[in-house]
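Here is the structure we will look at.
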Amino acid sequence: MSDLSERLAALRGRIDKACASAGRDAAEVSLLAVSKTFPVEAVREAYDAGQRIFGESRQQEAAPKIAAMPTGIDWHFIGGLQRNKVRKVLGDFGWIHSVDSLRLLEAIDRVAGEEACRPRVYLEVNVAGELSKGGFAPDDLLASADALASLQQVDLMGLMAIPPEGIAAARGWFSKTRELRDRLAAASGLALPGLSMGMSADFEEAILEGSTIVRVGSALFGNRFYPA
Ligand SMILES: *Cc1c(COP(=O)(O)O)cnc(C)c1O
């Protein structure tokens, strides 16, 4: 086995274990392999080891990797997204985790209608109110419940959150995100089954708080040598 397939197997083992301690079915939690900055060879290796869900944060970097890989992979966009890039991103990605404003969401809804596609979307929430970070403020999100319920062309999966960097106890932010999801589901009447939370350093805590998809890069592919 290659190093990468061993790391993948180890990660899956840790996910299964976290699910078991949370009393959750391991089938409820997906592993999103974040391949940003890594070459297509690394994606291929993970693919050969059975991985079928990959995340990228830049459309331009991702496009040649996506073109070089077989179909049947779910490509998830996790990076900052500007409205003028929506059409390109929808051409390559079926999932978007980083929708951080109602304006962007409505642009995605409109362009998806024009392109006759149906993207699955997570709304990024700035649950700690960090000034340096984008994302919906919790109150704005709740105030948008009716607008969310009236979207035509996107499947709203749920919420995505990144806890403050370097924080020892990420778990509290994950549980706040879950509570916010529950309130938004009640206010909008949408199911919002998904919680995109947890990265290499904290995915086990995220699973304990209900994460349904963990976004893992460095623990699988190794350290990134340039910023994404
Ligand atoms: C890069 C990135 C990840 C993966 O981070 P690791 O710490 O390497 O696991 C997850 N989510 C987002 C949004 C990212 O940009």
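The values are calculated or read from the model by the stated rules, or taken from the named source; none is laboratory data. From a predicted model like this one, the values you see are computed outputs, not experimental measurements. Note that we place each Cβ from the backbone using ideal geometry, even for glycine, and neighbour counts take in every protein chain shown. Just so you know, the surface numbers come from the protein's heavy atoms only, side chains and all, with ligands and any DNA or RNA stripped out. Shrake-Rupley method; radii C 1.70, N 1.55, O 1.52, S 1.80 Å.
Annotations for the structure displayed:
- Compactness index (Cα Rg / 2.2 N^0.38 Å), segment 3-221: 0.98
- Phi angles across segment 121-129 convert, under the Karplus curve 6.51 cos²θ - 1.76 cosθ + 1.60 with θ = phi - 60°, into 3J(HN,Hα) values of 10, 10, 9, 7, 10, 8, 6, 8, x Hz, Gly and Pro given as x.
- Two-decimal ratio, segment 144-228, of alpha-carbon radius of gyration to 2.2 N^0.38 Å: 1.23
- Simple Cβ-charge dipole of the chain, Lys/Arg +1 and Asp/Glu -1, about Cα centre, in debye nearest 20: 260
- Per-residue [θ]222 nm for the chain (sum of -39500 (n - 2.57) over DSSP H runs n ≥ 4, rounded to 500): -12500 deg cm²/dmol
- In order along segment 94-102, phi translates into HN-Hα couplings of x, 9, 10, 9, 10, 8, 10, 7, 5 Hz, rounded to whole numbers, per the Karplus curve 6.51 cos²θ - 1.76 cosθ + 1.60 with θ = phi - 60° and x for Gly and Pro.
- In segment 3-221, lysine pairs with alpha-carbon atoms under 19 angstrom apart (chain gap of 8 or more, or interchain): 6
- Here the peptides 207-219, 128-140 are ranked by packing, the mean other Cβ count within 10 Å, and the order with the highest first is 207-219, 128-140.
- Counting Lys and Arg as +1 and Asp and Glu as -1 over every other residue whose Cβ lies under 14 Å from the Cβ of residue 155, the net charge comes to 0.
- 3J(HN,Hα) couplings calculated from phi for segment 75-92 with the Karplus curve 6.51 cos²θ - 1.76 cosθ + 1.60 (θ = phi - 60°) are, in sequence order, 9, 10, 8, 10, x, x, 10, 9, 4, 6, 9, 4, 4, 4, 5, 5, x, 10 Hz; Gly and Pro show x.
- Taking amide H atoms as placed 1.01 Å from N in the peptide plane, the amide H of residue 194 lies under 5 Å from those of 158, 159, each 5 or more residues away in sequence or on another chain.
- Net charge, residue 224 excluded, C-beta distance under 13 Å - Lys, Arg +1, Asp, Glu -1: 0
- Surface composition of segment 1-148: carbon and sulfur atoms hold 47% of the protein heavy-atom accessible area at a 1.4 Å probe.
- The chain: relative contact order as a whole-number percent, Cα under 8 Å and 6+ apart: 22
- Accessible area per residue for segment 1-138 is 48 Å², calculated with a 1.4 Å probe on protein heavy atoms, without ligands, DNA or RNA.
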